[in-house]
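Report on the structure given below.
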Amino acid sequence: MFKRAKQSRVFQDVVDQIQDAVLNGKLVPGTKLPPERELKDIFNTSRGTLREALRVLEQKGLIEIKLGVSGGAIVKRIDAEPVVESLALLIRSGGVSLEHLAEFRIKIEGSLVELAAARATKKDIKELEALFNQAKVYYEKNDWENFLKTDEKVHTFIGTMTRNPVFQFVQKTIHDNIHRYYAEYLPMNKERTLENLTDFEKIIDAMKVNDAKTASAIIMDHVKRFSDKMQEKINGNSK
């Protein structure tokens, strides 16, 4: 499966060969790579270069390096975890401006909700209505923290409704990490929470009849309105 690495680019060639084997299905999840000594001989490289290549593959999420007698480099199932983690850290660190995040959400969630509405099943609608009723209870109790957590579940579930894993991962990651913006720039109150709840109900009504265009327009308007409110708060604080 593997061959001697090209000596002009040993490190990268080792990474590329193992990565290609994983992506092409020659190495399936759970497969244990040959011992380090054997890999070193196969690639005709130094132990240091090999270990560095394996660390890069681990950072990419392609393998997991386990220590101990029964340890070694184990091929992992490919998922979006490394990307999700990087996006989460970027949002939480404040490395993304509110304006850029809003622009991204308006475009992405508009398309995402449109797709979810077109594919909505009766079971999906029941789940959304259950979340709506839960959010309504928190609204009536003035429990803003749990209201926001339920709102997060709504957005995440709409991502699930698309049946598209890319949308699911992106949607969940964003809504797991953006509430710090609300806490800092737009603390929830009765009026804002009711506005949020009303938008939620309108989206469900559109989804009940698979009106994808209307559902999409509502979510884009929703994101823009709340983002504008936060931007006003930021501009006010900067004066």
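The values are calculated or read from the model by the stated rules, or taken from the named source; none is laboratory data. Since this is a predicted model, take the numbers as computed values, not measurements. Glycine also receives a Cβ, built like all others from the backbone with ideal geometry; neighbour counts cover every protein chain displayed. All accessible areas refer to the heavy atoms of the entire protein, side chains included, with ligands and DNA or RNA removed. Shrake-Rupley method; radii C 1.70, N 1.55, O 1.52, S 1.80 Å.
Remark: region 97-104, residue by residue, has Karplus-estimated 3J(HN,Hα) of 5, 4, 5, 5, 5, 5, 4, 5 Hz, where x stands for each Gly or Pro and the curve is 6.51 cos²θ - 1.76 cosθ + 1.60 at θ = phi - 60°. Here the sum of -39500 (n - 2.57) over DSSP H runs of 4 or more residues, divided by the residues of the chain, equals -24000 deg cm²/dmol at 222 nm, to the nearest 500.
The mean sequence separation of alpha-carbon pairs under 8 Å and at least six residues apart, normalised by the residue count of region 10-75, gives a relative contact order of 41 percent. For region 10-75, the solvent-accessible area with a 1.4 angstrom probe is 55 square angstrom per residue. So what's the angle, to the nearest 10 degrees on a 0 to 90 scale, between helix 190-208 and the longest Cα principal axis of the chain? That works out to roughly 70 degrees.
Using 1/(1 + (r/R0)^6) with R0 = 35 angstrom and r between the beta carbons of Arg180 and Ile74, what's the FRET efficiency to the nearest 0.05? Computed FRET efficiency for Arg180 and Ile74: 0.50.
Dipole orientation for the chain: of the candidates Gln171, Ala118, Ala53, Ala53 has the Cα lying most toward the positive pole (charges on Cβ; Lys, Arg +1; Asp, Glu -1).
For Glu232 and Lys107, the difference between the fully extended length at 0.36 nm per residue and the C-alpha to C-alpha distance is 42.9 nm. Taking every alpha-carbon pair under 8 Å whose residues sit at least 6 apart, region 81-238 reaches a relative contact order of 38 percent. The fraction of accessible area contributed by carbon and sulfur in region 91-190 is 53 percent, rounded to a whole number (1.4 Å probe; ligands and nucleic acids excluded). Given (1) 14.6; (2) 17.6; (3) 13.0 as candidate values of mean projected area of the Cα convex hull in nm², which corresponds to the one derived from the coordinates? For mean projected area of the Cα convex hull in nm², the calculated option is (2).
Between Ile65 and Lys123, how high is the FRET efficiency from 1/(1 + (r/R0)^6) when r is the Cβ-Cβ distance and R₀ = 41 Å? Nearest 0.05.
0.50
So which aspartates and glutamates pass the test for Lys32, namely a Cα distance under 12 Å, with those fewer than 8 places away in the same chain ruled out? Those aspartates and glutamates meeting the cut-off are Glu64.
Among 67-74, 34-41, 193-200, 114-121, sorting by the average number of other beta carbon atoms lying within 10 angstrom of each residue, highest first, gives 114-121, 193-200, 34-41, 67-74. A Förster distance of 25 Å, applied to the separation of the beta-carbon atoms of Glu36 and Leu90, puts the FRET efficiency at 0.15. Here the spin labels are modelled as points 7 Å beyond Cα on the Cα-Cβ line, and at Arg163 and Leu23 they lie 2.8 nm apart.
Between the alpha-carbon centers of region 91-119 and region 25-65, tell me the distance in whole angstrom. Using only Cα atoms, the two centres lie 37 Å from each other.
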